[in-house]
Structures are given as C-alpha cells and as structure tokens.
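Working notes, beginning with the structure itself.
The values are calculated or read from the model by the stated rules, or taken from the named source; none is laboratory data. Just so it is clear, the model here is predicted, and its values are computed rather than measured. Glycine also receives a Cβ, built like all others from the backbone with ideal geometry; neighbour counts cover every protein chain displayed.
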Amino acid sequence: MESAFNSLMGYIGNILKWALDGMLWIIGKALFLPFDGLLTVVSGIFTSLDLSTFAASYALNWAGLPTQMIWFVNAVAIPQGVSILLAAILIRMALNLIPAAFTRI
C-alpha cells in the first residue's frame, strides 16, 4: 500500500512540476517578447541615426587635420567606439535614476 501511495505522490509531484515549469515558461515569454520588441525598435533607431562618423569628420576638418588622417580615424572606427562608450555612460546614468529600493532585494 505504501509503494502505491509513493508512486501516486510521485505522479502528482511530476504533474505539478510540469505545470509550474509551463507557467514559468509562459510568464518568461510574456515578459521577454515585449521587451525584445522594444529593444529591437531602439536598436533600429540607433542604427539608423549613426551620426558618429559625420560628427567626427566634421570636428576633425575643423581641427585642421589632413584628409589622410581623417580617413584613418574613420577607417579604424574611432567615432563608433566613442559613440558606444558615450551610450554606455548615458545608459549607466539613466539606470542610476532608478531608486535602489526597486533594484535590490
């Protein structure tokens, strides 16, 4: 009798585990898909607004550098690297605006 009870509890435990895993998967997808869509849109906007090369070329022309040096700076992608660093700093500064009570458990 005891082994029948243990096997029944094992089946019930497996069913509950399966149901909870499914619910967590659905909740994870429900949270992930809108966030992924938002990040895709933001990434598309930032990709379409690549002004780093234009701004760097304009600034370097005003600095009086020769055209070969300007070409080299743009070929090495220094403007894109600087824009990535500035975006990271801006994101970090924006995240600092979130109160610590909401980010720490």
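Across region 10-34, the number of residues qualifying as under 27 Å from the mean Cα position of the chain (by Cα) and either modelled with pLDDT under 85 or not aromatic (Phe, Trp, Tyr) (or both) comes to 12. Could you check region 63-81 and list, in sequence order, the residues that are assigned to a loop (DSSP other than H, G, I, E, B) and over 23 Å from residue 46 (Cα atoms)? Residues satisfying the conditions are 64, 65, 66.
Applying the set (1) without any contact (Cβ under 8 Å) to a residue 12 or more places away in the chain; (2) part of a helix (DSSP H, G or I) to residue 60 leaves exactly one unmet item: (1).
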